[in-house]
Amino acid sequence: MLRCQYNYMLAQRFDWWEQNRCPVNACPLICYLPELKEKPSRFSQQKSLTQLKIDRPWYKNIHSQVLQEVSKRVELAFDRWLKADKSGKRFGKPRFKGKNQYKTFTYAQFKQHHLINNKAKLSKIGDVKVIVHRPLPDEFVIKTVSVTNKSNGYFITFSLEDDTVAEIKPGRKRDNLIGIDVGLIDFVVDSNNESIPASRYLRKAERKLKSAQRKVSRRKKGSKRRQKAIKQLAKKHRKVADTRKDFYHKTANQLLFKSDVIAVEKLNIKGMARSRMAKSVHDAAWGNFKALLTRQSCKSWSVSS
């Protein structure tokens, strides 16, 4: 149902774009200018939900905040396509969501009392039993909750807020400073000549991934056997991603434990990903590690040089 709403709102924006854009880059001095239509916005599309709930009665089975978050998601994807970033690069044209492609929905307001005894109370769905992998701190407040369907099950992500966390300021002491260099053989080499070997999880699982991909290719498109093979392939890719993420967390904790300030090498990762080392660069995923290292701990300050 959310996929249907996403495609409907995205089609509205595409209609506005087609009717208001000019197909040529020049026109005569005297010409007819058609009446321009008002651009759909996040809030105007949210107002249309009142009439949509009358036209589509099944929308009443979805929580109102979950429906409103769809328009926010559409606006973000559409604006990223029309507007360029600071470097002048534009994102690709957003696509309509096919079957099983809309996998996440969000509750914008989630209170603390909605999570009791490892059960999350989701409006219009009911009480859902969850496995909490670690207890939530008492001083943190739950702001939003996102439910995601992945290859190995459903996952709930809590967005927390805590005003008591001390702010990290640039003027702090830099007594223990190290610099790190990333590579393909040694994943991290610091300024003290200590190194951590690269994991190469994708290379190790390459044979199993190739075998699972061949099974998908042999199955008839649209069949249940193909869907089952795709699910098995997705689980193998998920395992590679999870083991790589676990390696990142352990490496980041090891670096943050022995240093106060970390200077990270600045690389042209996108340029290297187009070279002959593309597969190894994607397997290393230095950009993801740097982003994780930056937000891993509040007591350390990560900079780029």
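The values are calculated or read from the model by the stated rules, or taken from the named source; none is laboratory data. Treat the numbers as computed from the prediction; the structure is a model and nothing was measured. For neighbour counting, all protein chains shown are included, and Cβ atoms are generated from backbone atoms with ideal geometry for every residue, glycine included.
So the values come out like this:
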quantity	calculated
Residue that is nearest to L233 (Cα to Cα), among those in region 137-152 that are within 22 Å of the chain's Cα centre (by Cα) and in a loop (DSSP other than H, G, I, E, B)	S151
Among the candidates D260, D186, D181, D246, residue that is modelled with pLDDT of 90 or more and acidic (D, E)	D246
Those residues of region 32-61 which are surrounded by 17 or more Cβ atoms within 10 Å (Cβ to Cβ) and assigned to a loop (DSSP other than H, G, I, E, B), in sequence order	P40
Residue count, region 92-103 (criterion: surrounded by 10 or more Cβ atoms within 10 Å (Cβ to Cβ) and out of contact with any Leu (no Cβ under 9 Å at 6 or more places or on another chain))	4
Where L115 falls short, out of the listed (1) outside the structural domain of I142 (by TED's automatic domain parsing); (2) in contact with a strand residue (DSSP E or B) (Cβ under 9 Å, 6 or more places away or on another chain)	(1)
Any hit, region 62-75, residues being charged (D, E, K, R), outside any strand (DSSP E or B), within 23 Å of the chain's Cα centre (by Cα) and surrounded by fewer than 16 Cβ atoms within 10 Å (Cβ to Cβ)	yes
Count of residues meeting criterion [surrounded by 13 or more Cβ atoms within 10 Å (Cβ to Cβ), of a type outside the set (D, E, K, R) and over 15 Å from K99 (Cβ atoms)] in region 203-231	6
Scan of region 173-216 for residues that are farther than 20 Å from A291 by Cβ and among the small types (G, A, S), ordered by number	S191, S195, A205, S211, A212
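Every residue, every condition in (1) at pLDDT below 80; (2) assigned to a loop (DSSP other than H, G, I, E, B); (3) touching a strand residue (DSSP E or B) at 6+ places or on another chain (Cβ under 8 Å), yes or no:
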position	(1), (2), (3)
G271	no, no, no
R276	no, yes, no
N288	no, no, no
S297	yes, yes, no
V303	yes, no, yes
